[in-house]
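The values are calculated or read from the model by the stated rules, or taken from the named source; none is laboratory data. Nothing here was measured: the structure is a model prediction, and the numbers come from that model. Because the Cβ atoms are built from the backbone with ideal geometry, glycine has one as well, and the counts that use them run over all protein chains shown. The accessibility values were calculated without ligands, DNA or RNA, using every heavy atom of the protein model including side chains. Shrake-Rupley method; radii C 1.70, N 1.55, O 1.52, S 1.80 Å.
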Amino acid sequence: MKKRRILSLVLVMSLGAAVLLSTFVTGQSKKWIAEESKEVLSANEQLTLTDKNLVDALHDLSLHTPISKVKWSKNVLTLDLKVTGNSIIPSEIYIDIASIASFSMERTNNVSQLMLRVLAEDEWAGKRHLLLSADIKRAEWDRQAWMKLSEWKNAALPDELIQRFHMTETNLWREQFISSENGY
């Protein structure tokens with residue numbers, strides 16, 4: 001009789017331990033899933049850009065033109081966009097500039113200046129040519145100008161946007177896009 005009682009007791013304890021363990025593991029995995037699925041940034045939170053989170057933060061931007069170089073120093077974000085091939089569409093470049101500017105000025109709290117260059121890369125010759133540059137400052141940020149830039153469809157930008165974003169169009173940019181748009 002004692003053997004049956006001991007055997008029953010061991011069996012009940014083993015079953016109880018198995019149930020407790022499975023409950024613990026299931027509860028713990030739910031906790032891990034809940035922790036992993038937390039939102040990284042809410043709509044109202046701003047990101048403090050650092051060397052450690054720079055690549056991840058920029059990776060989330062969906063751009064038409066790939067980023068070839070990025071530098072973060074003393075609240076200045078310097079970024080190069082690389083254009084290759086002949087399928088360059090100026091409006092897509094403007095959308096990318098607007099996206100990066102919006103990210104820098106509205107979604108971060110410590111970017112005081114964005115210096116951006118658009119470079120054409122000649123893979124055969126291994127040379128890079130500056131097409132367009134912008135120098136955007138937080139102190140001069142204008143959301144209406146940003147909206148206009150993000151929706152601009154022509155190659156030639158109005159003087160208002162060129163001045164607002166301190167843009168410089170090189171002769172190569174003008175010859176490639178603006179001259180051909182105007183029929184010269």
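Can you give the accessible area per residue of region 44-103, in Å², using a 1.4 Å probe?
For region 44-103, the solvent-accessible area averages 55 Å² per residue.
With every protein chain left in place and a probe of 1.4 Å, what is the accessible surface of Arg143, to the nearest 10 Å²?
About 110 Å², rounded to the nearest 10.
Enumerate the amide H contacts of Arg107 below 5 Å, restricted to partners 5 or more residues apart or on another chain; note that Pro and chain-start residues carry no placed amide H.
Amide H to amide H, under 5 Å and 5 or more residues apart or across chains, Arg107 pairs with nothing.
Taking Lys74 as the anchor, which aspartates and glutamates have their alpha carbon closer than 12 Å to its alpha carbon, excluding any fewer than eight residues away along the same chain?
Asp51
Provide the per-residue ³J(HN,Hα) series for region 140-154, in order, calculated from phi with Karplus coefficients 6.51, -1.76, 1.60 and θ = phi - 60°, each as a whole number of Hz, with x at glycine and proline positions.
Whole-Hz 3J(HN,Hα) from phi for region 140-154: 10, 4, 10, 5, 5, 5, 4, 4, 5, 5, 5, 10, 5, 9, 8.
Report the gain in length on full extension from Gln144 to Ile178: 0.36 nm times residue separation, minus Cα-Cα distance, nm rounded to one decimal.
My answer for the length gained is 9.9 nm.
Share of region 56-184's accessible area from carbon and sulfur, percent, 1.4 Å?
46
Does region 56-184 come out rounded, prolate or oblate, given a ≥ b ≥ c as the square roots of the eigenvalues of its C-alpha gyration tensor, rounded meaning a/c under 1.5 and, failing that, prolate meaning a/b above b/c?
Taking the square roots of the gyration eigenvalues as a ≥ b ≥ c, region 56-184 is oblate.
Using a 1.4 Å probe on the protein heavy atoms only, what accessible surface does His166 show? Give it in Å² to the nearest 10.
Rounded to the nearest 10, that gives 80 Å².
When the Karplus curve 6.51 cos²θ - 1.76 cosθ + 1.60 is applied with θ = phi - 60°, which whole-Hz ³J(HN,Hα) does each residue of region 45-53 get, with x for Gly and Pro?
7, 10, 7, 8, 6, 9, 4, 6, 10
Wrap a convex hull around the Cα atoms of region 84-139, take a quarter of its surface area, and give that in square nanometres. Walk me through the numbers before you get to the answer.
Details: hull surface 17.6 nm².
Average projection, Cα convex hull of region 84-139: 4.4 nm².
Exactly which GluC sites (Glu not before Pro) in region 115-184 are in a DSSP loop and have at most 11 other Cβ atoms within 10 Å?
Glu123, Glu151
Along region 99-109, what does the Karplus equation 6.51 cos²θ - 1.76 cosθ + 1.60 (θ = phi - 60°) give for ³J(HN,Hα), rounded to whole Hz, x for Gly and Pro?
With the stated coefficients, region 99-109 comes to 5, 5, 5, 4, 4, 5, 8, 10, 9, 10, 10 Hz.
Under a plain spin-label model, where a point goes 7 Å from the Cα along Cα-to-Cβ, how far apart in nm are Glu123 and Val55?
For the pair Glu123/Val55, the computed spacing is 2.3 nm.
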